[in-house]
Amino acid sequence: MANSKTNSNGRANSSGSKSKSGSNGTSSKNSSNGMQSSQLMKLFEEELKDIYWAEKALTKAIPKMIKNATSEELIEALENHLAETEEQVKRVEQVFEVIGKKATAKKCDAMEGLIKEAEGIMEACEVGAMRDAGIISAGQKVEHYEIASYGTLRQFAETLGLDEAVELLEATLDEEKAADEKLTEVAVSAINIQASQEEDDEEEEEEPAGKKSR
Ligand SMILES: [Fe+2]
Ligand SMILES: [Fe+2]
């Protein structure tokens, strides 16, 4: 059974190789798809540079979000994810090692935009539950970008037969998903409710009879 399957499909990135059963011999050796592999490797490296920049930018952006947040639950979630993000930077460096390349960051325009947007939201929203809700919204957009990036990177690594990289990328991908879910939880549990109450309070403040409320 030398050539049980002849892959006549000339496309570089068909996602048909999902089954793990017989994918052992498909490393990036000089097989017929060697060209495709080297092109995919290039793309993999480019994506890696992009997310490396993004993660490093986030290690500076998340502390600003923490400073602007008021909900303890939100602050805790952000602090935890900041610690994770610092480890994720190192994980990306390890993936560079796996492919024998120097860790290099390349500016990620998308992440730069998401971070700018977060800063804009923090300026525009009043401090308190409103700003907290804004931070969550911006934070979730960031997480979704990361989930998309790491999902792609993991798939590329799998196709390229880079098992060690798959593990590293998947570990981060799981953290990004958990961070996103945590933010949803925080929003649902308290902040959005408080934000809507604050709005009600503002309306009440306009009435002159301002006895202390409890
Ligand atoms: Fe991250
Ligand atoms: Fe993240």
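We did not get these values from a lab; they are worked out from the coordinates using the rules stated. Values in this document were obtained by computation on a predicted structure and should not be read as measured data. Here Cβ is always computed from backbone atoms with ideal geometry, including for glycine, and neighbour counts include all displayed protein chains.
Maximal additional length on extending the SER189-GLU123 stretch stands at 21.4 nm, based on 0.36 nm per residue less the C-alpha distance.
Scan the range 53-159 for GluC sites (Glu not before Pro) in coil per DSSP, keeping those whose Cβ has at most 12 other Cβ atoms within 10 Å, and list them by number.
Working: sites: GLU55, GLU72, GLU73, GLU76, GLU79, GLU84, GLU86, GLU87, GLU93, GLU97, GLU112, GLU117, GLU119, GLU123, GLU126, GLU143, GLU146, GLU158; in loops: GLU126.
Answer by residue number: GLU126.
In terms of distances greater than 24 angstrom between alpha carbons, the cross-link table entries LYS102/LYS141; LYS49/LYS90; LYS67/LYS101; LYS64/LYS90 yield LYS102/LYS141; LYS67/LYS101.
Given Cβ point charges of +1 (Lys, Arg) and -1 (Asp, Glu) and nothing else, what value in debye, to the nearest 20, does the dipole of the range 38-195 about its Cα centre take? Each step should come with its number before you reach the end.
Details: 18 positive and 34 negative charges, 134 e Å.
The calculated dipole for the range 38-195 is roughly 640 debye.
Each Lys or Arg adds one and each Asp or Glu takes one away; over the other residues whose Cβ falls under 9 Å from the Cβ of THR70, this sums to -1. Inter-label distance, THR59 to GLU93: 0.7 nm, where each label sits 7 Å from its Cα along the C-beta direction. With 0.36 nm allotted per residue and the present C-alpha distance subtracted, the ALA178-GLU79 stretch has 34.3 nm of extension available. Take the Cβ atoms of LYS42 and GLU86, set R0 to 35 Å, and the FRET efficiency comes out at 0.80.
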